[in-house]
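Structure first, commentary second.
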Amino acid sequence: MNDRAALKSALIGEARALGFDAVGVARPDAIPQAKDRLLQFLAEGAHGDMDWLASTAERRTSPRALWSEVRSIVMLGLNYGTDEDPLAILQKRTRAAISAYAKGDDYRELIKKKLKQIARWLVSTAGGDVKVFVDTAAVMEKPLAAAAGLGWQGKHTNVVSREFGSWLFLGAIFTTLDLPADTPADDSCGSCRACLEICPTNAFPAPYRLDARKCISYLTIEHKGPIPRELRPLMGNRIFGCDDCLAVCPWNKFAKAGHEVKLQAREALRAPDLAELARLDDAQFRALFSKSPVKRTGHDRFIRNVLIAIGNSDDVSLAPEAVRLLDDESPLVRGAAVWALGKLDKNALCSRADQRAEQDVSVHEEWMAALSALSSQANEARRGTAAELRCCGVRSPPSQGPQQSAAQNSPTAAISRSISSGRERR
């Protein structure tokens, strides 16, 4: 097929037949501004511990840095609009909020398979060479999607479509064929700041800029260690991802529910019970999240997230789940359990303090922080709280005389003694 326009039209037809909802073409040099934005993002450390972003930065700055022979980039979007309000689950504090995209099968496998089918058709029809990419490669899909006319990058940095709102999965086909490029979409955010203002953790330092270190999606999915304590209360019951900035976008009024069956939410993942999730062992976790993006997080990080949600639930009936996980093999889980228990049942936390023989430094720090918080509460409200915390040695300061006795009886001293005794037994 020698007619470039006819080839592109036929390509779009093939893509739509396979379920893609948006298709456009961009030139490899269509996103020159992306390099400076990426380098600024990295220089500020806003990528957190996503070291792979820094290690692949040179290849990300330009499609031709990734593949020098590419002449056209076909960007494809697949609608995954939900049939429910993603924000409604946030009011059900004993239930887990999972991002809409992760309630069905893993989109990467689904989309990659479709991209390969289109790529094979393109080569057999017009020749040339192709490469396909979905999310994991060093490709800046969002700027390229905007350049290809699929939508624009909103102030939340995600692609916004006039037809599908904020709910598009993206895939890319790089080809050596010369295809007619589309006109980039105009930014239609206007003066709207809804996505910026709804963010629970203030992860947007400015419009069109994201600090991943504060983003709940990053914290629950990519971050490997303990989640910063100051951000935990802001996470609510979100255990995998966060849809707030996407869901609040006014352009979603034109969105419709996605049609791909494999991406539709599984009933078991619409509003799972936090207590049941906390009881999952590794095998049960893998079974429940088979073919799901959630499985990539791994069992320990997942339970960490669930414990933070439990701590934010304000439901003391969930405290036993945290107590049980104080003895988990994973320090990441044990540390989160300490925090959750401190939020729900301070008496239970105190009763366990003298039993601890914790040897992991990070978990030690969690105990110290949790018990120090209780001491602070006692000092601020001696009458009620001091009596309530007497189980773990918190006393009102004496009216006169040395402070040594109070210091020795403080909860932080109790946990320090128990940790020291544990080390002596090693």
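The values are calculated or read from the model by the stated rules, or taken from the named source; none is laboratory data. Predicted, not measured: the structure shown is a model, and the values here were computed from it. No Cβ is skipped: glycine too gets one built from the backbone with ideal geometry, and neighbour counts run over all protein chains shown.
What the table shows:
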quantity	calculated
Residues of region 93-135 that turn out to be closer than 19 Å to Leu246 by Cβ and among the acidic types (Asp, Glu), as a count	2
Unique residue being modelled with pLDDT under 95 and surrounded by fewer than 21 Cβ atoms within 10 Å (Cβ to Cβ) when the list is Thr125, Thr136, Thr157, Thr94	Thr136
Filtered residue count, region 321-344, keeping only those that are at pLDDT 95 or above and either of a type in the set (Asp, Glu) or over 20 Å from Leu374 (Cβ atoms) (or both)	8
Unmet requirement for Glu329, which otherwise passes all of (1) touching a helix residue (DSSP H, G or I) at 6+ places or on another chain (Cβ under 6 Å); (2) within 19 Å of Val363 (Cα to Cα)	(1)
Residue match in region 103-115 (condition: within 24 Å of Pro250 (Cα to Cα), buried (at least 17 other Cβ atoms within 10 Å of the Cβ) and within 24 Å of the chain's Cα centre (by Cα))	yes
Verdict on Leu53 being at pLDDT 95 or above, surrounded by fewer than 22 Cβ atoms within 10 Å (Cβ to Cβ) and touching a helix residue (DSSP H, G or I) at 6+ places or on another chain (Cβ under 7 Å)	no
Exclusive hit being surrounded by fewer than 17 Cβ atoms within 10 Å (Cβ to Cβ) and either more than 30 Å from Val306 (Cα to Cα) or under 23 Å from the mean Cα position of the chain (by Cα) (or both), set Leu87, Leu38, Leu66, Leu11	Leu87
Tally, over region 296-321, of residues that are buried (at least 18 other Cβ atoms within 10 Å of the Cβ) and in contact (Cβ under 8 Å) with a residue 40 or more places away in the chain	13
Region 14-35, residues that are at pLDDT 95 or above, surrounded by 15 or more Cβ atoms within 10 Å (Cβ to Cβ), among the aliphatic types (A, V, I, L, M) and assigned to a helix (DSSP H, G or I)	Ala15
Test: residue in region 117-133 that is more than 15 Å from Leu263 (Cα to Cα) and under 22 Å from the mean Cα position of the chain (by Cα)	yes
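For (1) over 17 Å from Phe20 (Cα atoms); (2) touching a strand residue (DSSP E or B) at 6+ places or on another chain (Cβ under 6 Å), each residue gets a yes or a no:
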residue: Tyr80; (1), (2): no, yes
residue: Leu110; (1), (2): no, no
residue: Leu115; (1), (2): no, yes
residue: Trp121; (1), (2): no, no
residue: Ser124; (1), (2): yes, no
residue: Val134; (1), (2): no, yes
